[in-house]
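The values are calculated or read from the model by the stated rules, or taken from the named source; none is laboratory data. Bear in mind that the values here come from a model prediction, so they are computed numbers and not experimental data. Note that we place each Cβ from the backbone using ideal geometry, even for glycine, and neighbour counts take in every protein chain shown. Ligands, DNA and RNA are stripped out before the accessible areas are found, and what is left, the full protein with its side chains, is counted by its heavy atoms. Shrake-Rupley method; radii C 1.70, N 1.55, O 1.52, S 1.80 Å.
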Amino acid sequence: MGDFFGILAQKPDMVLTAVGQHVLISLTAVLLGILVAVPAGILLTRRPKVASVVLAVFGVVNTIPSLVLLGAAMIVLGLGFVPAVAVLFV
């Protein structure tokens, strides 16, 4: 725990930059999720058979650990903002 506070005291600008990047990635993924999920939810309420298939597929996707998904995304998309947002979005 002492290392954490030591880094915080020595490099506060670096820590604030990292926190800002984290917040930006998270907000981007959440906003994309809302833009896709709300219309999809409205459409799926009108088609219960399709909804059951979609929910089953995303139930399976939800069981994949995030780190595994991030590793696969990094192989395909490389490092950076896009793979991180893509994994959080999924």
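Points worth noting:
- For the range 41-67, residues that are closer than 25 Å to Val23 by Cα and open to solvent by less than 90 Å² (accessible area, probe 1.4 Å) total 4.
- Any hit, the range 43-64, residues being assigned to a loop (DSSP other than H, G, I, E, B) and at positive phi: no
- Close pairs (6 angstrom Cβ cut-off, 6 or more residues apart or separate chains): closer than 18 Å to Leu24 by Cβ in the range 70-82, open to solvent by less than 90 Å² (accessible area, probe 1.4 Å) anywhere: Leu70/Val87; Ala73/Pro83; Ala73/Ala86; Ala73/Val87; Leu77/Pro83
- Identity of the residue in the range 1-40, of a type in the set (Ser, Thr, Tyr) and within 30 Å of Val54 (Cβ to Cβ), that ends up surrounded by the fewest Cβ atoms within 10 Å (Cβ to Cβ): Ser26
- When Leu88 is tested against (1) open to solvent by 90 Å² or more (accessible area, probe 1.4 Å); (2) free of Cβ contacts under 8 Å to residues at least 12 places away in the same chain, exactly one condition is not met: (2).
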